[in-house]
1. Going by alpha carbons, how many degrees (0 to 90, nearest 10) lie between the helix axis of 205-215 and the longest principal axis of the chain?
2. Taking amide H positions as placed in the peptide plane 1.01 Å from N, state which residues far from V37 in sequence (5 or more) or on other chains have amide H under 5 Å from it.
3. Can you list the HN-Hα couplings for segment 90-98, worked out from phi with the Karplus curve (6.51, -1.76, 1.60; θ = phi - 60°), rounded to whole Hz and with x for Gly and Pro?
4. At 0.36 nm per residue, and after removing the present C-alpha to C-alpha distance, how many nm does the segment from C219 to R187 gain when stretched out fully?
5. What is the gain in length, in nm to one decimal, between D170 and L31 on full extension, counting 0.36 nm per residue of separation less the C-alpha to C-alpha distance?
6. Grab the other residues whose beta carbon is less than 14 angstrom from that of G55, score K and R as +1, D and E as -1, and report the net.
7. Per-residue HN-Hα couplings for segment 125-135, Karplus 6.51 cos²θ - 1.76 cosθ + 1.60 at θ = phi - 60°, whole Hz, x for Gly and Pro?
8. Taking the highest mean first, how do the peptides 58-64, 197-203, 81-87 order by number of other beta carbon atoms within 10 angstrom per residue?
Amino acid sequence: MRRKLIISIVTWNNRLEIDRLLESLSFQEGLPADTGVVVSDNASEDDTVNTLRQGYETRTLIIENDENLGFGRAHNRVFENIEADYYLLLNPDCYFEDTGAISKLLQYAEENPDAWIVGPKILNPDNTLQYSARSFPDPRATLFRNTFLGRLFPNNPYVSSYLKTDIDHDEINPADWVSGAAMLIRRELIDKTGGFDPIYFMYVEDMDLCKQCSLLKKCVMYFPPCVVYHRIGASSDKAPKAMIAAHHRSMLLYYQKYAGFYERIFLSPFVALALAIRKALMIADL
């Protein structure tokens, strides 16, 4: 039976975080009666699955993966096993305070059929903004974000454009891509693309899926009436060096996938160098 909405959560050693998210979901109002919550667990070793079984098994379907599939492939397992009109992807370190947040997001998507991806406003726990609606990166933004140039010119237009710092984050806006930490996806996009590209282990797969949405001439929208709180890094902090390496590998894969001929020849080497420098500096700081 095809449902209206499936909430898809990928976990990896998130026993301490998952409670808050699931509790906040239990207070959401106005959801379709057949809404389901599915947790795709990436072989957690910290009792995440037992925590789910003890407290939430009657209202949560648990998919136990034999290995850590990463972000995209673990969500793909949900797409493959359970049909729904919409999938709301949530990181386990997210939570809601507004009991009507998800119903607002779903209603907007229902009223705007060309919006195949809709992202909510994402806030840090201290209510500061996370720049979750962004432009697609170009090599200039990558260079300034990932080298000393960003420190020399912190207000440069390339990074500002990438982060969309100039938009009103209290207004509904189109975006090139929105964060997969909290993202509503229409089933038609999954059917057209197959879901997340499995070449990415973690990071950038959300940007890639939004790129595919754009190539299909459908909209990616930023919808701030729905607010999600997100503690960045609850999973990645558990293996910081591996996650840094995964992020930079994914960025290189993205550029290799979408770069034009001249970008490949003239700019890709500089992008690779910038990412390598940033990776080395970030690991050295740990």
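Throughout, read-outs are computed from the coordinates displayed, never taken from laboratory work. This is a predicted model, so every value here is computed, not measured. With ideal geometry, Cβ positions are generated from the backbone for all residues, glycine too; neighbour counts draw on all protein chains shown.
1. With both axes taken from Cα atoms, the answer is about 80 degrees.
2. The answer is I7, L61.
3. For segment 90-98, the Karplus curve yields 9, 6, x, 9, 9, 6, 10, 10, 7 Hz.
4. On the way: separation 32, 0.36 × 32 = 11.52 nm, distance 1.38 nm.
Fully extending the segment from C219 to R187 adds 10.1 nm.
5. Fully extending the segment from D170 to L31 adds 47.7 nm.
6. On the way: positive: R15, R20, R53, R59; negative: E17, D19, E23, D47, E57.
The answer is -1.
7. x, 8, 6, 7, 7, 9, 7, 8, 10, 9, 8
8. Averaged packing, sorted descending, gives the order 197-203, 81-87, 58-64.
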